[in-house]
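A short reminder: the numbers here are calculations on the coordinates, not readings from a lab. Since the model is a prediction, treat every value here as computed from it, not as a measurement. Quick reminder, even Gly has a Cβ in these numbers, built from the backbone with ideal geometry, and neighbours come from all protein chains shown.
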Amino acid sequence: MPRPKPWTILLLSLPIAGTAAAETRDVLFSANVAAVCTLTVNSNGTMVAAADLQTLSSKLVGGSPASLTLSTTGGVDLSLDPVTVVTVPAGDVSATSWTPTYSATGAHAIAEKAGATALAAPGTSTLSIHLVGAKGGSDRFSAGNYEATVTVRCE
């Protein structure tokens, strides 16, 4: 039998050593991040009495605001509830008008206010919460311990 020529062998081996057709597919990944807000209390506030004894305030010298850290994905509203839980000494029988306010620094810069704020952007901020109690007319704060609770909402 005659010996095949080298190019004939190559032609005969091409169909045997052929490559498979390549194929690709894309796959999708998805996520749904809910609007979330986390509040962490850093410190409680302190109020002091004004010289005329008609005001208790965290804004006066010697007072301090409460401090919270707020972390959010955005898409939430920040607000304060009206003050409803107050402890006063037995001698204080006159009405007090309580006004809580807040401000924020960090990812959300908010000037001091009492109303709600929509937080569209994600980020972490530090909140300062102030509280002022005021007596009207000739009423004065009595000697003793006062405590008021401010509820901070982020929802």
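Worth pointing out:
- Taking the fewest neighbouring Cβ atoms within 10 Å as the starting point, the ordered list for 138, 94 is 138, 94.
- Alpha-carbon centroid distance for the pair the stretch 107-130 / the stretch 131-152, whole angstrom: 25 Å
- Efficiency of FRET between residue 94 and residue 36 - r from beta-carbon atoms, R0 41 angstrom, step 0.05: 0.45
- Listed by Cβ neighbour count within 10 Å, with the fewest neighbours leading, 81, 26 appear as 26, 81.
- Backbone N under 15 Å from the residue 87 label point (7 Å along Cα→Cβ), restricted to the stretch 135-155: 144-150
- Computed label-point distance, nm, for sites residue 118 and residue 134 using a 7 Å Cα→Cβ extension: 3.0 nm
- The stretch between residue 52 and residue 71, if pulled fully straight at 0.36 nm per residue, gains 2.9 nm over its current Cα-Cα span.
- With the highest mean first, a sort of the peptides 69-75, 28-34 on other beta-carbon atoms found within 10 angstrom per residue produces 69-75, 28-34.
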